[in-house]
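The values are calculated or read from the model by the stated rules, or taken from the named source; none is laboratory data. Since the model is a prediction, treat every value here as computed from it, not as a measurement. Every residue, glycine as well, gets a Cβ built from its backbone with ideal geometry; the counts of neighbours run over all protein chains shown.
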Amino acid sequence: MKWILCYIFLFITASYCDAQISWNLTAEAGYFKTSGEDLILQDDILTRLNAQVKMLYSESSHEASFSVNIHPEYLGAKNKTALLKVKADGSYFNYSDNLNAGVNFSVIKNNYFGDLLDVKYDIFSFQPALITSFLGNPLSTFFGYTNQRVEYGGNIIYDLIYNETEYLFLNDRYFVLGAGLYTERFVVENEYNNYGVQKLSNKGWRAGPLINIKYLRDFIISSSYRVMMHFSESVHSPSYEHQIMLLAGKVLFEKYSIFLLADFYIRDFKLKNGNSANELVYSPVNQQNKYFLKLAYELTEHSDFFLRTGYSKENVDYITNSIAGWSFTAGVELR
Amino acid sequence: MKPVNIYFIVIVLFFLLPVVKMQGQPIAGLEKKYASVSSSLDYEQRKLDSLTLQLSDRAESISREKQKASPDREKITRLMANSVLLTNTINDLQKKIISLENKKEDLKSILRNSYTRIIDSLSNLPGKTNENELQILSFTAKKLLVAQRFPDLSFQPDMIINLNPSSVNNPEEKRIFRDYVNRALKEIEEKIIYIDKQYNEINSILALQKKADKFLEETEYNDEYGFSRNRRNLTEAGRDVEFNNSKDYLSNAENVSGMLNQFRTIQPSENKQRSNLTTNVQNLSLKDYHKLLKELRENLTAFKTILLHKAKLF
């Protein structure tokens, strides 16, 4: 049924005769140095491909887009671990004098394969949005529903309903300052299909303020911080979660560009049942730290060569399985 | 908790969608339709002006009657009842005018695209003849007449476009028109330099933003869960709304786009529904501003070509 939404957005965007179609293909290869945790125990060669096709139709009063992205990744002969991520997303936005309204959706299928691994997880996300003006500055509010299903022998299902409202204060032409509030209601359920009736679950709320700062002119610096109070059946309330993101980048000498990303997640949970590793608290997705540095050179108007290095930890399923380590890759992007 | 009913979403979305486009019709048919809609709009606008005047007279009559020492209550009631009817008629007429204006803007957009396609195909012909060049000029002039945006200029662009050098025989008159065209040419060249500077700056900002977004996509691919830490779930419109209302940005946008109505049509539109990229710079995002500058640049360059051609003929 989720794919019906994809087909509808594809039809909508394609039905406009002058929709712009763009594509993008990235191939990179390099070296993965494992942190020695969990699934990847040996350093290995890493290869990645990313292919995207996007349709965009834009007019003064509305805009529609649809894109499909395919991303396979292979962690070499020693580990024999492969990932395949397929994503489709779309949006529709309508503009009027005092109110911009629209909707985003995305459907993601992630598959992890390997000798030690066979995990699938799907994420469906639907997000209506409203943007208006309040006291002369933009005020945006996003409502969302997200459903995630992880299959790894058992099944874990996550459902979220959330709202993020943000007010943007603008200091001058190139500087943006915004603050807002995030509220989320979540339900997590663990179904043991094969191993008996035992069913763990957790329900709760997360909420807290956020702040965003951005400067964009001849270089970009963007930073956001949010703190969330976590109330749920599994933790003593309130527990806290902190998320900090820093992005910086600049175009150098016309054809070179450099970007840095640092993304931290800090959790301070006090579990009610002690520190049980099997305690079901929340989704492992979107809970990892990462740092990346990218240096790119524009070969032509339609292609780039780049070097990228960074650390990431990807939580594959709930039960402490993860892929963590440093990667050093070189690649080419065609568009 | 069950997932949201997808069918409900699909049905709601289907009814929210914009109407079918009119692309693919022959140009003569579109021009005829445009002329017809413009003419209807003129007519309805004149009707509205007349009814508004009547309503105003009626309001004055009511006011005068009330101020009398012994006002005629029956007359006042009769006048007010008629005013209500008149107000309803005016409201219906205003809705009709807005609908016609929207239709006219849609047709202008389609005509602009059609003219652009014709101009491009004529320009790409191998071994262009003089006739082809004149056809290109003719369609360029037509495109400028339906241009959505044009800078505020000290001369009348539509007057110059419609100037016919072969109809001017008097040498003195020819000299006057030639000076007028040359002065217009100089002004256009200055505007092009100014807009180029703005356009190049916005271009580099947008390019940097695009590269940053690509980098975030590559590194945060998995993070489609709940809020996006990097606000990637915002649509383009949502992100770009950050650039509205910055004071320096607005005043510059107003300078460039307050530059707006001169070339739009022979009768400027009062359509408030279409104000996103036209008169209402409050809603102008960085991307829209970039589009505005690009269109202004294209129109100015096209107009410069017309002026150079006219200057040769005088």
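Looking at this structure, is B:Lys95 within 25 Å of B:Pro157 (Cα to Cα) and either in a helix (DSSP H, G or I) or charged (D, E, K, R) (or both)? Judged against the criteria, B:Lys95 is not a match. Across the range B:102-119, the number of residues qualifying as more than 12 Å from the chain's Cα centre (by Cα) and closer than 15 Å to B:Leu145 by Cα comes to 7.
Kindly check whether there is at least one residue in the range A:74-88 that is on the phi > 0 side of the Ramachandran plot and not charged (D, E, K, R). Within the range A:74-88, one or more residues are on the phi > 0 side of the Ramachandran plot and not charged (D, E, K, R).
Answer yes or no: is there a residue in the range A:168-183 that is among the basic types (Lys, Arg) and either in contact with a Pro (Cβ under 8 Å, 6 or more places away or on another chain) or over 27 Å from A:Leu271 (Cβ atoms) (or both). Yes, there is a match, as at least one residue in the range A:168-183 is among the basic types (Lys, Arg) and either in contact with a Pro (Cβ under 8 Å, 6 or more places away or on another chain) or over 27 Å from A:Leu271 (Cβ atoms) (or both). Within the range A:159-176, the set of residues being under 14 Å from A:Arg226 (Cα atoms) and more than 10 Å from chain B (Cβ to nearest Cβ) comprises just one member, A:Thr165. Do we find that B:Ser83 is within 23 Å of B:Leu296 (Cα to Cα), small (Gly, Ala, Ser) and crowded, with 16+ Cβ neighbours inside 10 Å in this structure? Against the criterion (within 23 Å of B:Leu296 (Cα to Cα), small (Gly, Ala, Ser) and crowded, with 16+ Cβ neighbours inside 10 Å), B:Ser83 does not qualify.
With respect to A:Ile156, determine if the residue is at the interface with another protein chain (Cβ under 9 Å from one of its Cβ atoms) and among the aliphatic types (A, V, I, L, M). For A:Ile156, the condition - at the interface with another protein chain (Cβ under 9 Å from one of its Cβ atoms) and among the aliphatic types (A, V, I, L, M) - is not met. If you take the residues of the range A:61-106 that are within 7 Å of chain B (Cβ to nearest Cβ) and not in a strand (DSSP E or B), which of them is nearest to A:Thr141 (Cα to Cα)? So, considering only residues that are within 7 Å of chain B (Cβ to nearest Cβ) and not in a strand (DSSP E or B), the one nearest to A:Thr141 (Cα to Cα) is A:Asp97.
Of the residues contained in the range A:292-308, none is found to be more than 22 Å from A:Ala330 (Cβ to Cβ), in a strand (DSSP E or B) and within 11 Å of chain B (Cβ to nearest Cβ).
Taken across the range A:262-283, residues that are at pLDDT 75 or above, under 21 Å from the mean Cα position of the chain (by Cα) and assigned to a loop (DSSP other than H, G, I, E, B) do occur, with at least one present. Among the residues of the range A:140-147, is there at least one that is facing chain B (nearest Cβ under 7 Å), touching a Pro at 6+ places or on another chain (Cβ under 7 Å) and among the β-branched types (Val, Ile, Thr)? No, there is no match, as no residue in the range A:140-147 is facing chain B (nearest Cβ under 7 Å), touching a Pro at 6+ places or on another chain (Cβ under 7 Å) and among the β-branched types (Val, Ile, Thr).
Scanning for something assigned to a strand (DSSP E or B), in contact with a Leu (Cβ under 7 Å, 6 or more places away or on another chain) and of a type outside the set (Val, Ile, Thr), does the range A:148-161 turn up at least one residue? Within the range A:148-161, none of the residues are assigned to a strand (DSSP E or B), in contact with a Leu (Cβ under 7 Å, 6 or more places away or on another chain) and of a type outside the set (Val, Ile, Thr). Considering each residue of the range B:138-157 in turn, at least one proves to be buried (at least 19 other Cβ atoms within 10 Å of the Cβ), β-branched (Val, Ile, Thr) and touching a residue at least 60 places away in the same chain (Cβ under 8 Å). Mind listing just one residue for me: the one in the range A:197-214 that is at pLDDT 90 or above and out of contact with any Asp or Glu (no Cβ under 9 Å at 6 or more places or on another chain) and, of those, surrounded by the most Cβ atoms within 10 Å (Cβ to Cβ)? Restricting to residues being at pLDDT 90 or above and out of contact with any Asp or Glu (no Cβ under 9 Å at 6 or more places or on another chain), the top hit is A:Ile213.
When the residues of the range A:1-48 are narrowed to those that are modelled with pLDDT of 70 or more, crowded, with 16+ Cβ neighbours inside 10 Å and within 14 Å of chain B (Cβ to nearest Cβ), which ends up nearest to A:Val103 (Cα to Cα)? Among those residues, the one meeting the criterion is A:Ala19. Of all the residues in the range B:91-129, those that are surrounded by fewer than 17 Cβ atoms within 10 Å (Cβ to Cβ) and of a type in the set (Val, Ile, Thr) number 3.
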